[in-house]
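Please read the structure below before turning to the comments.
Bear in mind that the values in this text are calculations on the coordinates, not laboratory data. Bear in mind the structure is a predicted one, so any value in this text is a computation, not a measurement. Cβ atoms come from the backbone with ideal geometry, glycine included; neighbour counts cover every protein chain shown.
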Amino acid sequence: MKEKVSKSYPLDNSAIIHLASMRKGYTNFFRVAAVLTNSVFPEVLQTALDHITPRFPTIVAGIRRKSFQYVVVPVEVPPKVQKEQEHLSSMTKEEIKVCAMRVLYSENNISVECFHALTDGHGGSIFLNALLAEYYLLCYPEMNRDVEYFFKALEQNSAEETADDYITYARGHAVSASHRKVYRLPPPISSSSLIHITTGIYSTEELLDAAHYYGVSLTVFLTAVMFDAVMELQRDSAAREKECKPIQIMVPVDLRKRFSSKTLRNFSLYALPCITQTAAEIPFESLVCQIAEQLEEQTTQQYLSAMIAANVRSQNWILFRILPLWIKDIIVQAVYHFYGERNSCLSISNLGEAVCLEEIRQHIQRMDFMLTPRRNSACNCGIVSYGGRLFINFTGKGDGAGLEQYFFRKLASMGYQAEIETA
């Protein structure tokens, strides 16, 4: 007997913060995309989306208000695929009520853009994989529909996939959130809402070798390079800054890798490594060691459990639970303003190796992962690898801060050259 699907789901702990960050003209989206070897057939893509929509009730969904909370509501009718006009454009509140995600296509590109209140990069990539698999099964009927692939369209979703695992794993003593004054990238100069993208394409093997040379993971190595780039940017603008401030960067942590979780909702936290020295004061080798030590300390299961417990405890505070929603909105927005974007200068999010169905790999040229530029900052950075290449995507608005130039120049000084693309 199939399990009855719930008609709505309370927002998870992380989603509440993403909703609080919304402003007119700004919605915290992320994008996962595949560049195909051939042209996209929009009608087939629409049929594939129609097929898989019931399989993902917490991703193909809208977000609506109730008296005391927001809820995720699965769509009754699958959304229409859209021809791409621009990257990561914001949604209005009315659009988010109907469906807070979209499927886009261009000549040879299929993209999924999700409001972060629905899911994180893991959930988005799983959804894209299922969409691509269904699309190619429709394009090539001779393919074996019984082939094993992630989340088949006709399978029944499970309670594990729709669970709020922040609540499931809120254990141990809660840790208090910290706040410090840190360097912030200059805000966009232009008021334009259009997002520009700069992508550096590297050999995954070469940068893995670089990371292994320092005895760290690829994420630690690239985070150290980012710190170095921000240090140089701050130094070059020191006349305006008057003094160099500590630098803190958000590094997302996928909790599924540390806890037994199959959820397709948000289930990630952020590590916040911080460096107080300047580039002139700290050799790169020492910088790598400091980042590695801080990330190791902040990603232990015990530490992460305590962070989850702190977040869930505040959400479940009895007085907070019975407050009218408009008052909750004010409180959460104030917390976000104090502890959110002001607590770091940007995020660097490494989605890892993109996985797709083996039978369709020949049809996929590359994958991309992009983050909406932060509301009060010049840029953000999303990373994904596929087919032996590493794609580092900087997204920004206006004139930006030029951080990507510092970042790519640092890697070039170490002997690693990139193919640079702009859009």
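Structure notes:
- Normalised contact order of region 9-168, rounded percent, pairs of Cα under 8 Å and 6 or more residues apart: 33 percent
- Overall, the ratio between the Cα radius of gyration of region 9-168 and 2.2 N^0.38 Å, rounded to two decimals, is 1.03.
- When each of Cys345, Cys274 is scored by the number of other beta-carbon atoms lying within 10 Å, the sequence from fewest to most is Cys274, Cys345.
- Charging the Cβ of each Asp and Glu at -1 and of each Lys and Arg at +1, and nothing else, the dipole of region 71-163 about its Cα centre rounds to 260 debye.
- Residue exposure sequence - Arg31, Arg409 - by fewest surrounding Cβ within 10 Å: Arg409, Arg31
- Of the peptides 124-135, 362-373, the ranking by mean beta-carbon count within 10 Å, highest at the top, reads 124-135, 362-373.
- Charged-residue dipole, Cβ positions (Lys, Arg, Asp, Glu), region 9-168 about Cα centre, Debye nearest 20: 760 debye
- When each of the peptides 221-230, 304-313, 387-396 is scored by the mean number of other C-beta atoms lying within 10 Å of its residues, the order from highest to lowest reads 221-230, 387-396, 304-313.
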